[in-house]
Structures are given as structure tokens and as C-alpha cells.
1. Any idea which of (1) within 15 Å of the ligand (Cβ to nearest atom); (2) open to solvent by 10 Å² or more (accessible area, probe 1.4 Å); (3) in contact with a helix residue (DSSP H, G or I) (Cβ under 8 Å, 6 or more places away or on another chain) is the one D239 doesn't satisfy?
2. Can you tell me which of (1) touching a strand residue (DSSP E or B) at 6+ places or on another chain (Cβ under 6 Å); (2) open to solvent by 70 Å² or more (accessible area, probe 1.4 Å); (3) polar (S, T, N, Q) is the one T317 doesn't meet?
3. Tell me which helices (runs of 4 or more DSSP H) are completely within segment 283-375 and hold 2 or more residues being out of contact with any Gly (no Cβ under 6 Å at 6 or more places or on another chain), at pLDDT 95 or above and not charged (D, E, K, R), or say none if there are none.
4. If we keep just the residues of segment 1-15 that are among the hydrophobic types (A, V, I, L, M, F, W, C) and over 19 Å from P237 (Cα atoms), which is surrounded by the most Cβ atoms within 10 Å (Cβ to Cβ)?
5. Pairs only if they're at least six apart or on different chains, beta carbon under 8 angstrom, first in segment 69-81 and in contact (Cβ under 8 Å) with a residue 24 or more places away in the chain and farther than 15 Å from L244 by Cα, second basic (K, R) and more than 10 Å from the ligand (Cβ to nearest atom); list them, first residue then second.
6. If I ask for residues that are of a type in the set (S, T, N, Q) and in contact with a helix residue (DSSP H, G or I) (Cβ under 6 Å, 6 or more places away or on another chain), which ones from segment 24-38 would you list?
7. Anything in segment 118-152 that is modelled with pLDDT under 95 and either open to solvent by 10 Å² or more (accessible area, probe 1.4 Å) or more than 16 Å from the ligand (Cβ to nearest atom) (or both)? List them, or say none.
8. Being within 17 Å of P237 (Cα to Cα) and either aromatic (F, W, Y) or open to solvent by less than 60 Å² (accessible area, probe 1.4 Å) (or both) is the filter here; which residues of segment 29-40 pass it?
Amino acid sequence: MRFETKAIHSGRKVDRSTGAVTTPIHLSTTYERNIDGSYTDDFLYSRGDNPNRRALEECLTSLEDGHDCVTFASGMAAITSVIEALPSDKPRRVIMPDDMYFGIRSLISETDIGSKFDMVMVDMTDLQEVENAIQHAPTGLVWMETPSNPLVKVTDIEAVSKIAQEAGAYTVVDNTWPTPALQRPLTLGVDFSLHSVTKYIGGHSDLMIGAVVAKSDSPMLANLRAWQHSKGAVPSPFDCWLALRGVQSLAPRMRVHCSNAAEIADFLNHHPNVEAVHYPGLAHHPGYVIAARQMSSFGGMLSFQVKGGEREAMAVTAKLRLFTRATSLGGTHSLIEHRASVEGSDTMAPPNLLRVSVGIENVEDLKEDLIQALE
Ligand SMILES: *Cc1c(COP(=O)(O)O)cnc(C)c1O
């Protein structure tokens, strides 16, 4: 099956007991044993496994061309689990990109993870820096996020995973922004592809789930499954059901997200009140060539710098009518956000930078809204 077909058919089957075409939501927390003590379909307690979660995990495994998928209560729960599930024979050192999802910075500064692991940040777009960091000390895990947040930097997945694997480190790509519709890290040699399903896969800003898809069986995958079950940060059956509903339209939604974002990036790029546009589909973007190679399209996320400072940038967001001023991304509706004020004092975001999650509205309406706001 091809991607669009898998998104609709993987993990989904007609309900045997009722003939329901749409998978029912199984809210039951517990499952009856058969007389001989066995369980039907191996379901015994919902934290361990349930039909809705299993269906979603099957679908995401198939979309990423993976071996197995483990879902969690949020993207951050998935991220924490991936770091902590590093097998004990691996060095406690994690190399991460300096431009990455801000929640990981908070995880390091606000929890004890930074004292349990040596978290090193490098410019992942510079292979020499990655090489130096990995030569410097034994490393257990190399983390990639591409395109990155919020500067939309592009990392060469194949090259970084080669460096990491030669040093015996596991590799993971946060694939939330491109989604498997545009980028499949496991086919480029990466061990784990991670998602905030909350974003594009859910697609409608109404659920919270994290997922890790593994390329193959490994001690780390076994740990992740144990973490899910025993640490218990599991997604609800209802959220899994919503995600499986959302993922059916992932491919066509991504096509519109991408074409709208490309058109808006081009429009902003020629606007006299815009200082810079960060979008990997623009030929002048430093990651353009790599993005064109490892992604099938350039995605629905962009950021741009308004001429002036924070005040001018905020003034633009105040005038917009269709772009909602809110964090997060990946929904059908367009969102805009002043990252520096969200991220606080240790932000990497320039003060005049606005991050846009381009929705799937009519692009002319979006452009007209930007025209009046940038006047
Ligand atoms: C939102 C996001 C996360 C965190 O996911 P939650 O579901 O909010 O916990 C991680 N990585 C990226 C790239 C994100 O956009």
C-alpha cells in the first residue's frame, strides 16, 4: 500500500461484534478473562494495551516504515521516555541540536534529567561540530530535530546518523514538523522517529499524544515498552481514537499546508516590511538542498522577522484576523506566535521573529490578512 492508503487502512478493521465500520472507542479499563484464564486479543488492562492504542500504534508503525511504535500521554512524555530508556550499558551523554523544541530546554532546566544525563548542545547543521562533540566523549544518544524550531534549520539526517552509529550511539529524529508524509527518518538510517501526535497527525488541535516509532527490535525499544506500561504515561483511548481519525487525512492536509506555506513564504520574502523569512523551500535557505533531498516537500511551518523589533512584530500579530495568536502548530487553522516572549530569557529566537503554523484555509485569504497586518 502507498502512504495515503496506509493512513486510512492501517490499524483499522470492521468491529467483529457489531459490524461498526468506524473503530469503537473502548473506554473499558479492564478486560474479562476467558474460562481457561486466557484473554481475548491479549487485552487485560487498559494501561498495558487497549484496542484504540494498538490501532494507532499499528498505523504509525506502518506510516514510518518501522518495526513497532510506543505511544505516550504527550510528546514530552515520549521525549522523556526516549532519554531515560537509554539502556544502562550506554554512556549517559546525549547530543542535541541548539535550535530545538523549547520544551526540552525546560525539561533540562526544571527537572532532574540534566543531572542524570550530560546534555550537550551543538549546531546540528554543522557536521564538523557533531563529529567533534562525538569524538570528545562517549555518547549514548544523538538527537535530531529537522526542520528545527523556531529557526527552521535543516539537519542532514543520513550524515549525522552515520557519525552517531559509527560511535555506537542510538539516534532519534523529532519528526513532528515534517510528519511521515514528508520525511521518513527510519529509511535514512535513524533508530527512532518521534512525534508529538498532538500536532499534524492529530491535525485539529484537540488531542495530546506522543509516539516513538522504532526501526528494529532493540534493548531500547524493550525499555520504551516497559516505560509505557510501568511508568504509566499512556494516552487515553479517546485521544487514540481521535488521532486515528485525524491521521486518515494527513497526506492531503500536508499537501495543502505545504503549498500554502510555500506561497506565503514567497510572498513574505518580497514584502518590504519583512527583514528575513526562514523556510527551507526558499532557494536562499541554507538547508534548501538537504531539505529537497530528504523531504518530499518543505512543510507547513515558517518563521519570519519583521523589520524593527519586538514592538513591530507584536503589532503585526495584533492586526491579524485569521491567524490566531497561540502556541502549538499542525492544526487546520493558521497560528502565529512571538517565540521570544513564550520562551523567555534563554531563548534563541530573535525579538522580531514570528513563527507561523500555516493552516489549510484558502491561501488568498491568508495573504490578504498578512497584507493588511504588515501595512
Ligand atoms: C509540540 C512539540 C513537542 C512536544 O509535544 P507535546 O505533545 O506538546 O508534549 C515536541 N517536539 C516538537 C517539535 C513539538 O512541536
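The values are calculated or read from the model by the stated rules, or taken from the named source; none is laboratory data. These figures come from a predicted structure and were not determined experimentally. For neighbour counting, all protein chains shown are included, and Cβ atoms are generated from backbone atoms with ideal geometry for every residue, glycine included. Heavy atoms of the whole protein, side chains included, go into the accessibility calculation; ligands, DNA and RNA do not. Shrake-Rupley method; radii C 1.70, N 1.55, O 1.52, S 1.80 Å.
1. Looking at each condition in turn, D239 falls short on (3).
2. The single condition T317 does not satisfy is (2).
3. Qualifying helices (runs of 4 or more DSSP H): 288-294, 310-319, 363-374.
4. From segment 1-15, those among the hydrophobic types (A, V, I, L, M, F, W, C) are 1, 3, 7-8, 14; that's our starting set.
Applying the additional criterion that residues be over 19 Å from P237 (Cα atoms) yields 1, 3.
Details: M1: 10, F3: 17.
If we take residues in segment 1-15 being among the hydrophobic types (A, V, I, L, M, F, W, C) and over 19 Å from P237 (Cα atoms), then F3 is surrounded by the most Cβ atoms within 10 Å (Cβ to Cβ).
5. Pairs found: S81/K231.
6. None - no residue of segment 24-38 is of a type in the set (S, T, N, Q) and in contact with a helix residue (DSSP H, G or I) (Cβ under 6 Å, 6 or more places away or on another chain), so the list stays empty.
7. Passing the criteria: only L151.
8. Selection gives Y31 alone.
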